[in-house]
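Step one of this worksheet: look at the structure below.
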């Protein structure tokens, strides 16, 4: 079901502006964590995976997809027995022009982090709010609150966290 929702968000973005796929990177710094959420495309509110590396970002118009590609590669090299996958996808339904190329945004979406062995699954709702600026190259600064669930070895934890995110894309 979650996979279908991610596909729907991406399909909406591609259909809106098929020619406008921008690529960038983002990085997050934790503000607070009341959960033990560890990351997973930002599932921990941290905006990065467990190794703390920047994410690879794809922008399809109003749909943003952040993938923990560097974390996945880092864990494959450092610990090949513990594969990790993580990403978040969010849609920007609200934008407000501020001044010149500055605009305020509010987004809504979801995040997932998956460690295959031992089996750990994180699923979270995210709601980034922030400012963006630029024309060809764009920069964004966001506060991303997160509410999520972690399931590990039959134990389930619910928690909340938040992070500051910085992003740049072309």
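The values are calculated or read from the model by the stated rules, or taken from the named source; none is laboratory data. Just so it is clear, the model here is predicted, and its values are computed rather than measured. Here the Cβ is made from the backbone with ideal geometry for all residues, glycine too, and neighbour counts use every protein chain on show.
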Quick check: is even one residue across the stretch 39-55 modelled with pLDDT of 60 or more, in a strand (DSSP E or B), in contact with a strand residue (DSSP E or B) (Cβ under 9 Å, 6 or more places away or on another chain) and surrounded by 21 or more Cβ atoms within 10 Å (Cβ to Cβ)? yes
When the stretch 99-113 is examined, which residues are found to be in a strand (DSSP E or B), at pLDDT below 95 and over 20 Å from residue 163 (Cα atoms)? 99
Taking only the stretch 79-90 into account, find how many residues are in contact (Cβ under 8 Å) with a residue 24 or more places away in the chain and farther than 20 Å from residue 25 by Cβ. 3
Tabulated pairs, the stretch 159-170, first on the phi < 0 side of the Ramachandran plot and touching a residue at least 24 places away in the same chain (Cβ under 8 Å), second surrounded by fewer than 20 Cβ atoms within 10 Å (Cβ to Cβ) and outside any strand (DSSP E or B), C-beta under 8 angstrom, 6+ apart or interchain: 159/34; 159/36; 160/34; 161/34; 168/137; 169/137; 170/136; 170/137
Is it the case that the stretch 114-132 has a residue that's surrounded by fewer than 12 Cβ atoms within 10 Å (Cβ to Cβ), free of Cβ contacts under 8 Å to residues at least 24 places away in the same chain and not in a strand (DSSP E or B)? no
Has the stretch 152-161 got any residue that is touching a strand residue (DSSP E or B) at 6+ places or on another chain (Cβ under 8 Å) and under 22 Å from residue 25 (Cβ atoms)? yes
